[in-house]
Amino acid sequence: MQTTERREADPLHPLPGSIQLRPFEPGDAAAFRELNEAWIGKYFAIEEKDSEVLNDPFNYILKPGGHILMAVQAGSPIGCCALLAMGDGCYEVAKMCVSEGLRGQGTGRRLLNYVVEYARSIGARRLYLETNTKLANAIHLYEAVGFQHLPPERIQPSPYARANVYMEMSLT
């Protein structure tokens, strides 16, 4: 008789399929803020617009028609991404992050693919995002999933001083 050894989930080395991707739920606001403050604070200064959105995601993201999506492992949020309503079926992909100790394991790709499919399911026509050249791994991921760089003449002013890369993806 053979026995199968069962490995327990390790947050630094998750078992395949052990990460749940789901919409924002009551109680997720603190994790959404903490996850984002950690990565923004590591690479940039937290700007006034960051503080507004992160301290009140209900009024700045959800109430105006946006969405927040979460990656959860063993009941703990480990990643997130927001879809900010821009009008006319367009959404900005914003505040996407994965806990630092879990990066490089495909969680960000799974989360971004989930965000794109979720956007399609709600009838989004186009996704837009702003990032920074310092975040080369993120830019590579966005390109790999199908985002394309905007030409300079289509770039609109950003509320974020750190934004210097602008991308979009058509969903139609």
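The values are calculated or read from the model by the stated rules, or taken from the named source; none is laboratory data. Worth saying up front: this structure is predicted, and the values here are computed from it rather than measured. Note that we place each Cβ from the backbone using ideal geometry, even for glycine, and neighbour counts take in every protein chain shown.
The set of residues in region 88-129 that are under 20 Å from residue 41 (Cβ atoms), modelled with pLDDT of 95 or more and among the basic types (Lys, Arg) contains only 95. Take the conditions (1) surrounded by 18 or more Cβ atoms within 10 Å (Cβ to Cβ); (2) modelled with pLDDT under 95; (3) among the basic types (Lys, Arg); residue 7 misses just one of them, which is (1).
Conditions tested, residue by residue: (1) within 19 Å of residue 166 (Cβ to Cβ); (2) surrounded by 22 or more Cβ atoms within 10 Å (Cβ to Cβ).
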position	(1), (2)
73	no, no
77	no, no
80	no, yes
86	yes, no
99	no, no
105	no, no
111	no, yes
116	yes, no
